[in-house]
């Protein structure tokens, strides 16, 4: 049985992959893209964390307007570094 040590980054439990990132306070999180970059945000804690680049193809069906809206929504949030 593989033993996993969870990485905590600010209020985020980083899980084993980007799709498992959760807020340690139990708040809802959301995954979004800005270009090829993927992020998870907690709107309650007002934090955002980068989780990778080009991990899924979802960004390919988006455009600059969507990425700008995504960026605008988190402009006042604390970006938690890797």
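Please state which of the following conditions residue 57 fails to meet, knowing it meets all the rest: (1) on the phi < 0 side of the Ramachandran plot; (2) surrounded by 13 or more Cβ atoms within 10 Å (Cβ to Cβ); (3) without any contact (Cβ under 8 Å) to a residue 60 or more places away in the chain.
Among (1) on the phi < 0 side of the Ramachandran plot; (2) surrounded by 13 or more Cβ atoms within 10 Å (Cβ to Cβ); (3) without any contact (Cβ under 8 Å) to a residue 60 or more places away in the chain, residue 57 violates only (2).
Is there any pair with a first residue in segment 60-82 that is free of Cβ contacts under 8 Å to residues at least 60 places away in the same chain and a second that is in a loop (DSSP other than H, G, I, E, B) whose Cβ atoms are under 8 Å apart and which are 6 or more apart or on different chains, and what are they?
67/35; 76/46; 77/46
Residues in segment 60-77: is at least one modelled with pLDDT under 95 and surrounded by 12 or more Cβ atoms within 10 Å (Cβ to Cβ)?
The answer is no; no qualifying residue exists.
The values are calculated or read from the model by the stated rules, or taken from the named source; none is laboratory data. Worth saying up front: this structure is predicted, and the values here are computed from it rather than measured. Here the Cβ is made from the backbone with ideal geometry for all residues, glycine too, and neighbour counts use every protein chain on show.
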